[in-house]
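None of the figures in this text is laboratory data; all of them are computed from the coordinates on show. Worth saying up front: this structure is predicted, and the values here are computed from it rather than measured. When we count neighbours, we look across all protein chains shown, and the Cβ atoms used for this are built from the backbone with ideal geometry, even at glycine.
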Amino acid sequence: MSTTPEPVAVEEIEVVARVRAAQDAVEVPTTLDPDALAHRAVRRVRVRRTALAAGGSTAVVGVLVGAVALLPGMLPRGSDLALTVPPAQTAAPAPVEPTADPVPDPTTEQPEQPLRYLPVGDGELPELPGVEHGVVELHHSDYTMQGGLTYTLPPGGWEVEGEAFGEPASVTWKAPTYWDVPGSDTPEDAVPPPMNDSGAVLTIDVDPGAASWTAPARDSGAWTVEIPGADFVAVTRGPSDDPGLARWEADVRYAGTGWTVVLELTDDEVGDELARAFLGNLWFEPEGAPEWFSPTYTYPEVGVVVPGVPAGWQPVSTEDLSYAVPPGWTSQGVEGNFGRGVEWSGPSVDGAPSDVRWNMFVQVGSTGTSSFSTAADQFHPQTITVPGADFAQVLASQGPHWAVDAVPALSADVELHGEGGGPDVLLSITLPGDEAGLETLRGVLGSLQF
C-alpha cells in the first residue's frame, strides 16, 4: 500500500501582531483513533471487525496543520496589495539615534507577497490562503459524488444521513455526538474529536443550475481554491444560523457538473483549518487520483488460488466446512455476532500487546437462503471457487493494523454459502500486509471445501 506523506507545515501568513500571537497560543489537540477502539471491542467479544458509519471498514481520523486563519474580508479589496496592512500611526515616531551596527527588529511586519488570482468561470478570484493538498492523517475515508467529485471526511467519526456510497447526488454528514461511551475502552488521556458535540454539519449537493453560475466580483470577499480540472471554484465564509458555527460554502464545477458544498463548522481556528483541509483534498475521480492522495486502504488482488492443503499445514474442520491453517496456529471456541465457531491464532503482531496476534475467525451462520450477496464495487469483491459452495467471495483490503499503525496488515472477509441450503460461513482473517500474507491467504482459500 502507499503511505501517507507527512504533512508539510505552511509558512505562517503574517497578519497584525496580536493575531499572530493568538494563533501561536492555540494548541490543536490530537484526535482519538476510533478505528482502533472498534477493533479492540471486536477482539474482546471475538467477532469480526465492523464498519463505522464514517467509512465502511475504516473510520475517519485526521491531523490539523497549524496555520493562521486568514478569512475573507481581512484584505483591502479591489487591489493586488499585500495580505497585510501596516497599523495606522496616531503620532509621528520619536527620532532614533543611528548606531554603528544597526540590528533589524525581528518583530517588524515584513511585506507580504501579492495575492494570486485564479480564473473562476468568466472572472477571477484570489486564492484562499493556507490551503494545502493531502492534509490528512493515516486513517481517513474518501467518497465520490455523482459526477466524480471526491472528498475526504474531516476526522472524528461523522455519521451519514442516507447513503454515501454509490456516487449519490446529495449527501449530509453530521459530526459525532458520542464520546467515552460507558463500557468502551477509551484511553484516559484521549481527547474528543475536534467537532464532537458541536452540531457541525457537512452537505454536498449536485446543482442542476451550475451552467449559469457567474463568478463573484474580485473585491467581493470570495476566494477560490485550485482543484485540477475545475473551471469554477468560488468559496465564501460567513455566519451560520446556529450559534458557535461558521458557514463555509463552495461552488465547484467540473465537466459541466456543479456541486454546492456547505461546511457548518465551529467558528474558530480549528473549524477554519478543517474547512481548508477539506477544500484542499477535493479532486475529480475521472481525472484519476492526484499524486498527493494516499488512501488509508488498498485492495490487493488475491491472485491464483491452488486447490488443496499446503504442505505442512494442519487440516481442520468447523461443522460442514473443511479447511487448513498454518503450522503452529492454535484454536479456541467463540460465539460471535455472526454465529458460533472458532478463533485460530498465529504469531504475535510486532509492536502490539502480547495478546494481539495474526488470526482467523470461522463463524457458522444459519442454513437456508444465503444472507450474503455480491458486495458493491467500492468493496472490491473477488469471486473464488470453493467445492460444495454456491456462493463464495473475498473482500480483501490492505492497510495499517488496528493495534499498531506502523504495521501493515492484510484483512479479508471470506463469505461462503453451502450448496443445497447452506449454511452460511464467514471467515475473517488478519495477516501480515506483504506477499507472505497474501500467500497465506491463498493457502487458506485453496483448502476450503464443504
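Of the GluC sites (Glu not before Pro) found in region 251-302, the ones in coil according to DSSP and having at most 12 other Cβ atoms within 10 Å of their Cβ are 291, 301.
When a/c is below 1.5 the answer is rounded, else prolate if a/b is larger than b/c, else oblate, so apply that to region 316-366 with a ≥ b ≥ c taken from the square roots of the Cα gyration tensor eigenvalues.
Details: a/c = 3.22, a/b = 1.60, b/c = 2.01.
Oblate shape, in that a/c is at least 1.5 and b/c is the bigger or equal ratio.
Over region 314-447, with a single point scatterer placed on each C-alpha, what log10 of the ratio I(q)/I(0) does the Debye formula yield at q = 0.13, 0.14, 0.16, 0.19 1/Å? For region 314-447, the Cα-only Debye profile gives -0.54, -0.63, -0.83, -1.16. Karplus-derived 3J(HN,Hα) values for region 244-249, using 6.51 cos²θ - 1.76 cosθ + 1.60 with θ = phi - 60°, are x, 10, 10, 10, 9, 10 Hz; glycine and proline are entered as x.
For region 314-447, build the charge dipole from Cβ charges (+1 Lys, Arg; -1 Asp, Glu) around the Cα centre, then report which of 385, 430, 399 sits farthest towards its positive end. Sorting the options by dipole projection puts first 430.
On the beta carbon distance between residue 191 and residue 322, with R0 = 41 Å, the FRET formula returns roughly 0.25.
Based on Cα contacts under 8 Å between residues 6+ apart, region 314-447 shows a relative contact order of 21 percent. Loop-resident GluC sites (Glu not before Pro) (DSSP state other than H, G, I, E or B) in region 183-262 with no more than 13 further Cβ atoms inside 10 Å of their Cβ: 188.
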